[in-house]
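Take a look at the structure below.
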Amino acid sequence: MKLPLTLAVKRASRLLLLSAFWIRGADAQDWLSFSGYVMDVPVYQRVNGTLARFFGSDRDQWLNVARVRLRPTASLWGNARVALEYEITSLYHSAPLFFDIQTTRNKRQVVDLTWNPVNQPKYSVIHFVDRLHLDQSLGFADIVIGRQRIAWGTGRIWNPTDLFNPINPTSFAKIEKDGVDAVLTKLTFGDFTDLTLVYNPQEGWNTSNAGFRFRTNYAQYDISIVGGHFDKRVVMGGDFAGNLFQAGLRGEGILSADRHNLSSSFAKYILGIDYQFTSKLYGLMEYHFNGEGAKDKLAYDLLRLARGETINVGRDYLALQASYLVHPLVNTMLSYMRNLDDKSQFVGLLVSCSVTDELAVALGGQLYVGDDFTEFWYYPGAVYVKADFYF
Amino acid sequence: MRKPSSAGVASSFLFIVAFVPAAFSQNADAIIRRAENLLKGKTSKGTFIMRVITPDYTREMRMESWWVENDKALIVIRSPKREAGNKTLKIKNEIWSYLRNTETTIKIPPSMMLQSWNGSDFTNDDLVRESSVADDYTHKIVATEVIRNEKCWKIELTPKPDAPVVWGKLHYWVRQTDNLPARVEYYDERGKLMRTMVFSAYKAMGGRKLPSTWTMINDADPGHRTEFGILDISFDIKISDRVFSFQELERGNRP
């Protein structure tokens, strides 16, 4: 009998976890490590009037996102281990939302490991497996199989070379990128030179994604070349991180082409610089060219944005960020982002305080400014508190 | 007895002027190198507790580190849970940070060397530059003083021209009985005392005697200090070069 791929992978995942516990059950103290965190984010947001009227929703909305993330890791034989990150998220919202705040299955996940036991109009609970991977180190190579984070790119705000799990820079309820179902092999050719090969299966062979990243360090610059076949398109690009005098300089970019429709080719790139002005004041600037986006606000692909398939719909962006350490335990961060084409803007302020070694509390605000139907006009302004406790 | 000739006196004086300070200076240089070597060895691996102490709060962090001379280091934070798994990799004058919670690697630019390292009274620059105490300064014994009942050489360290250092001068006390450091004072270019490192709790660890507590007192910010307690340490052991690589930096768990 032929098993569907998703079912086969689900069964393999269960078997992997059971094997890990059965094989190493005797010396549990040494082989099992466990960590995690609890986060709660109450939010007040104000939706723009036109959208609220169109959707028949309240302008003033109250939300609460609560997350529990459990991160057990088990060492297995030799240099092998299995790592799991499992999360339960609850979401209360006083009115219908236009953008998803909860994690939903992304297009790089072939197996649906998200469950939704509570789904009320204003309250829902989901739980999902965000990481579940088996790592085997062979010395000259590391092999990672399963749902994992693949961290490509050097940009601080945007990562065009992150072809797997980009995160929206305006998101405040999440801190980690979504897991990707993949087989990853990292071949090491030296302390700072490696080649990563990734295969991300999809339901059909033709729709599966595969790519590589070659990385090295030359003249105090970290340099990478990336390429592959993603979303039925050929992608080539690269990134770098180094110094320009005393400042940090980073860049990354890709060219994406459809062999059957070359006119749909596009480029994406970023160029960023950061500088520590004093021991307390840090600044960052990043420019992003998004060739996949549109200059004309009426041509924005809002459906893809709402579905989380893209993180920006415009063409040119500038982001500025400054952080100031008010006290060793209190940091403030001011963020500014501008769509250079439609002139819409985002301003964010975050004051975070480390209350204890494990507990942090932050107060944040986000303000979006723009003419009707410009990109940031769609986003609701928000004030939120974020408390997280690690264990 | 033959009286020395004026030419003889002159030549003796010239000898003293020309060679004695050089010999004294070389001696100071050797003392500093010996003290640094006793502290660090050619390679070391250890577990430490770092306590950041201020009038308002105390923070504690446990970490493991691997060092090869002053060129390579990997530091892995084991607790608190919020920071556990974060790593710092240093190769000569380059530093990378790996943040476990976001699974990202960041290359630290030179300007960020001024930034506090993990909230302590140490900066990223200390990780990179502290190693150059022996090479980037000229050394001169300026006094003999007693610190906590131990007779010490007081050595003044002055930056060599064009040396990439941030301090105007250092005063470095080395115990005469065992050649171990007792205290270091860091002065800025205007001669203002900025911070003081005090070594204490000398005991046998890793096959040698060394101070097991290092306290960096922030003189510019009274009441603030960072204590390093050595829990265990091994010196001059074989450490694979692979420990100091991207592969280990980004590996999920322990190296």
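The values are calculated or read from the model by the stated rules, or taken from the named source; none is laboratory data. All of these numbers come straight from a predicted model, not from anything done at the bench. As a convention, Cβ positions derive from the backbone with ideal geometry for all residues, glycine included, and neighbour counts pool all protein chains shown.
Can you tell me which residue among B:G168, B:G207 is under 27 Å from B:I233 (Cβ atoms) and not charged (D, E, K, R)?
Unique residue meeting the criteria: B:G207.
Taking the stretch A:236-249, which residues are in contact with an Asp or Glu (Cβ under 8 Å, 6 or more places away or on another chain) and facing chain B (nearest Cβ under 8 Å)?
To start, the set of residues in the stretch A:236-249 that are in contact with an Asp or Glu (Cβ under 8 Å, 6 or more places away or on another chain) comprises A:237-242, A:247-248.
A:A241, A:G242, A:A247, A:G248 - these are the residues of the stretch A:236-249 that are in contact with an Asp or Glu (Cβ under 8 Å, 6 or more places away or on another chain) and facing chain B (nearest Cβ under 8 Å).
To keep it simple, each residue is scored yes or no on (1) at pLDDT 95 or above; (2) outside any strand (DSSP E or B); (3) within 23 Å of B:Y172 (Cα to Cα).
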site: B:P21; (1), (2), (3): no, yes, yes
site: B:F24; (1), (2), (3): no, yes, yes
site: B:R34; (1), (2), (3): no, yes, yes
site: B:L38; (1), (2), (3): no, yes, yes
site: B:S44; (1), (2), (3): no, no, yes
site: B:D56; (1), (2), (3): no, yes, no
site: B:E60; (1), (2), (3): no, no, no
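If A:G293 satisfies every condition in (1) within 14 Å of another protein chain (Cβ to nearest Cβ); (2) part of a loop (DSSP other than H, G, I, E, B) but one, which is the exception?
Here A:G293 meets the rest and fails (1).
Rundown of residues vs (1) of a type outside the set (A, V, I, L, M); (2) within 14 Å of chain A (Cβ to nearest Cβ); (3) in contact (Cβ under 8 Å) with a residue 24 or more places away in the chain, yes/no style:
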residue	(1), (2), (3)
B:A220	no, yes, yes
B:T226	yes, yes, yes
B:K238	yes, no, yes
B:R242	yes, yes, no
B:F246	yes, yes, yes
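Scan the stretch B:92-103 and report the pairs whose first residue is part of a loop (DSSP other than H, G, I, E, B) and whose second residue is at pLDDT below 90, with Cβ atoms within less than 7 Å and a gap of 6+ or a chain change.
Listed by first residue and then by second, the contacts come to B:K92/B:D71; B:N93/B:V128; B:N101/A:I175; B:N101/A:E176; B:T102/A:I175; B:T102/A:E176; B:E103/A:A151; B:E103/A:E176.
Consider A:K343 against the criteria (1) within 21 Å of the chain's Cα centre (by Cα); (2) part of a loop (DSSP other than H, G, I, E, B): it satisfies all of them except one. Which criterion is unmet?
All conditions pass for A:K343, except number (1).
So B:T105 ticks every box in (1) at pLDDT 95 or above; (2) touching a Leu at 6+ places or on another chain (Cβ under 7 Å); (3) not hydrophobic (A, V, I, L, M, F, W, C) but one. Which box is left unticked?
In the conditions (1) at pLDDT 95 or above; (2) touching a Leu at 6+ places or on another chain (Cβ under 7 Å); (3) not hydrophobic (A, V, I, L, M, F, W, C), B:T105 misses (1) alone.
Go through (1) surrounded by fewer than 16 Cβ atoms within 10 Å (Cβ to Cβ); (2) touching a strand residue (DSSP E or B) at 6+ places or on another chain (Cβ under 9 Å) one by one and return the number of the condition B:K192 breaks.
(2)
When you look at A:F277, is it within 14 Å of chain B (Cβ to nearest Cβ) and at pLDDT below 95, yes or no?
Taking the combined requirement at face value, the residue satisfies it.
Pick from B:N124, B:N70, B:N86, B:N149: which is polar (S, T, N, Q) and surrounded by 21 or more Cβ atoms within 10 Å (Cβ to Cβ)?
Of B:N124, B:N70, B:N86, B:N149, the one residue that is polar (S, T, N, Q) and surrounded by 21 or more Cβ atoms within 10 Å (Cβ to Cβ) is B:N124.
Checking A:T193 against (1) modelled with pLDDT of 95 or more; (2) more than 10 Å from every other protein chain (Cβ to nearest Cβ), which test does it fail?
Failed condition: (2).
I'd like the full set of residues that are modelled with pLDDT under 90 and of a type in the set (A, V, I, L, M), limited to the stretch A:33-75.
Once the filter is applied, which keeps residues that are modelled with pLDDT under 90 and of a type in the set (A, V, I, L, M), the stretch A:33-75 yields A:L51, A:A52.
Scan the stretch B:84-119 residue by residue and report those that are within 24 Å of the chain's Cα centre (by Cα) and more than 18 Å from A:G248 (Cα to Cα). Step through it out loud before you land on a result.
First pass over the stretch B:84-119, keeping only residues within 24 Å of the chain's Cα centre (by Cα): B:86-98, B:107-119.
Hits for the stretch B:84-119 are B:N86, B:K87, B:N118, B:G119.
Tell me which of these A:S265 doesn't satisfy, since it passes every other one: (1) more than 14 Å from chain B (Cβ to nearest Cβ); (2) in a strand (DSSP E or B); (3) buried (at least 19 other Cβ atoms within 10 Å of the Cβ); (4) not acidic (D, E).
Failing condition for A:S265: (3).
Report the residue count in the stretch A:315-372 for those that are over 26 Å from A:A299 (Cα atoms) and of a type in the set (D, E).
Adding up the residues that qualify gives 2.
Looking only at residues that are surrounded by fewer than 21 Cβ atoms within 10 Å (Cβ to Cβ) and free of Cβ contacts under 8 Å to residues at least 40 places away in the same chain in the stretch A:79-90, which one is farthest from the chain's Cα centre (by Cα)?
Applying the filter and picking the extreme gives A:S90.
Please go through the stretch B:104-155 and pick out each residue that is of a type outside the set (D, E, K, R), assigned to a strand (DSSP E or B) and at the interface with another protein chain (Cβ under 9 Å from one of its Cβ atoms). Break it down into steps so the answer makes sense when it comes.
Kept after step one, since they are of a type outside the set (D, E, K, R), are these residues of the stretch B:104-155: B:104-106, B:108-120, B:122-124, B:127-128, B:131-134, B:137-139, B:141-144, B:146-147, B:149, B:152-153, B:155.
Checking which are assigned to a strand (DSSP E or B) leaves us with B:104-106, B:108, B:116, B:123, B:137-139, B:141-144, B:146-147, B:152-153, B:155.
If the condition is that a residue be of a type outside the set (D, E, K, R), assigned to a strand (DSSP E or B) and at the interface with another protein chain (Cβ under 9 Å from one of its Cβ atoms), then B:T104, B:T105, B:I106, B:I108, B:S116, B:T123 are the ones that fit.
Within the stretch A:38-84, track down each residue that is part of a strand (DSSP E or B), among the small types (G, A, S) and within 29 Å of A:A387 (Cβ to Cβ). If you could, list the steps in order and put the result at the bottom.
Let us first name the residues in the stretch A:38-84 that are part of a strand (DSSP E or B), namely A:38-46, A:60-75, A:80-84.
Among the residues that remain, those that are also among the small types (G, A, S) are: A:66, A:74-75, A:80, A:83.
Answer for the stretch A:38-84, where residues must be part of a strand (DSSP E or B), among the small types (G, A, S) and within 29 Å of A:A387 (Cβ to Cβ): A:A66, A:A83.
Quick one: would you say A:V234 is under 20 Å from the mean Cα position of the chain (by Cα) and not basic (K, R)?
no
In contact (Cβ under 8 Å) with a residue 40 or more places away in the chain and surrounded by fewer than 18 Cβ atoms within 10 Å (Cβ to Cβ), is that true of B:K140?
Answer is yes for this residue.
Could you tell me how many of the residues in the stretch B:181-217 are touching a helix residue (DSSP H, G or I) at 6+ places or on another chain (Cβ under 7 Å) and either modelled with pLDDT under 95 or farther than 20 Å from B:S132 by Cβ (or both)?
Qualifying residue count for the region: 2.
Can you tell me which residue within the stretch A:137-155, out of those that are modelled with pLDDT of 95 or more and surrounded by fewer than 21 Cβ atoms within 10 Å (Cβ to Cβ), is nearest to A:E203 (Cα to Cα)?
By that ranking, first place goes to A:I145.
Condition check ((1) more than 11 Å from chain A (Cβ to nearest Cβ); (2) free of Cβ contacts under 8 Å to residues at least 12 places away in the same chain) across all residues:
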position	(1), (2)
B:S44	yes, no
B:M50	yes, no
B:D56	no, yes
B:E64	yes, no
B:K72	no, no
B:S79	no, no
B:E83	no, no
B:N86	yes, no
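Among residues belonging to the stretch B:201-218 that are buried (at least 19 other Cβ atoms within 10 Å of the Cβ) and of a type in the set (V, I, T), point out the one that is nearest to the other protein chains (Cβ to nearest Cβ).
In this case the residue turns out to be B:I217.
Filtering the stretch A:118-148 down to residues that are touching a strand residue (DSSP E or B) at 6+ places or on another chain (Cβ under 7 Å) and in a loop (DSSP other than H, G, I, E, B), which residue is farthest from the other protein chains (Cβ to nearest Cβ)?
Out of the qualifying residues, it is A:K122.
Pick out the one residue from B:T196, B:T215 that is of a type in the set (S, T, N, Q), farther than 28 Å from A:Q246 by Cβ and touching a Lys or Arg at 6+ places or on another chain (Cβ under 8 Å).
B:T215
State yes or no: is B:A84 in a strand (DSSP E or B), at pLDDT 90 or above and among the hydrophobic types (A, V, I, L, M, F, W, C)?
When the stated conditions are applied, B:A84 does not pass them.
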